[in-house]
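Report on one structure; see the data block that follows.
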Amino acid sequence: MIKSLLARDEGKTLEFKRNCSPLAKIVQTAVAFANTAGGTLVIGIQPLLIPEIQIHAWRDKELIVVSVHHTIGPYYVKPEGPEKGVYIRLGSTNRRAGPSMIAEILRLSRNTLFDEQPCSETSSEDIDFRAASEFFSSVSRQLTSPGRKSLGLLVNHGGRDALPYGGHEP
């Protein structure tokens, strides 16, 4: 396992570190892996970080393989806070997540699709419910007010009904 791991190039899910200095970079990498697709961090000495850790002998060195599994976050570096301490992997580098990426990670944690999110510029008046009701009556169904929400035609946005992104034309 270690031989094939060391033969790979650094990338979105693999990082090599010579040592644990500075520790903040190790923590950032672990947080970035957790917020993106998971990953493996290989360090040349014993780290203070404790996700899944394996020690492998390789030639005349002891290598530490730190595996961080992807879990829905967002996770952040505590001293930096939830606005500035969220990191993601982009290629073989760690990047601070911006507000839109943090919102995307939060959306994933709620298990909702983008198409189900409210489009704030719309309202319930932007859909022709008369035409929709006629369509439903052609299949012997009635389109009721609660049915509009259960079908996802309308979603709550700040106490009012709005169209979801999947239900309107830009």
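The values are calculated or read from the model by the stated rules, or taken from the named source; none is laboratory data. On a predicted model such as this, the values are computed, not experimentally measured, just so you know. When we count neighbours, we look across all protein chains shown, and the Cβ atoms used for this are built from the backbone with ideal geometry, even at glycine.
Table for the structure above
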item	result
Scan of segment 54-99 for residues that are within 15 Å of the chain's Cα centre (by Cα) and among the small types (Gly, Ala, Ser), ordered by number	GLY73, GLY85, ALA97, GLY98
From the options ARG96, ARG130, residue that is within 30 Å of ARG160 (Cα to Cα) and among the basic types (Lys, Arg)	ARG130
Every residue from segment 24-40 that is part of a helix (DSSP H, G or I) and farther than 19 Å from LEU108 by Cβ	ALA24, LYS25, ILE26, VAL27, GLN28, THR29
In segment 1-23, the residues that are of a type in the set (Lys, Arg) and assigned to a loop (DSSP other than H, G, I, E, B)	ARG8, LYS12, ARG18
Evaluation of MET101 against (1) out of contact with any helix residue (DSSP H, G or I) (no Cβ under 8 Å at 6 or more places or on another chain); (2) surrounded by fewer than 13 Cβ atoms within 10 Å (Cβ to Cβ) (one fails), failing number	(2)
Conditions (1) of a type outside the set (Phe, Trp, Tyr); (2) under 17 Å from TYR87 (Cβ atoms); (3) surrounded by fewer than 16 Cβ atoms within 10 Å (Cβ to Cβ); (4) in contact with a Leu (Cβ under 7 Å, 6 or more places away or on another chain): number failed by VAL66	(3)
Within segment 42-97, tally of residues that are aromatic (Phe, Trp, Tyr), out of contact with any strand residue (DSSP E or B) (no Cβ under 8 Å at 6 or more places or on another chain) and within 19 Å of THR13 (Cβ to Cβ)	1
One residue from ILE102, ILE127 being of a type in the set (A, V, I, L, M, F, W, C) and under 12 Å from the mean Cα position of the chain (by Cα)	ILE102
From GLY73, GLY39, GLY44, GLY85, residue being surrounded by 17 or more Cβ atoms within 10 Å (Cβ to Cβ) and either polar (S, T, N, Q) or at pLDDT below 85 (or both)	GLY73
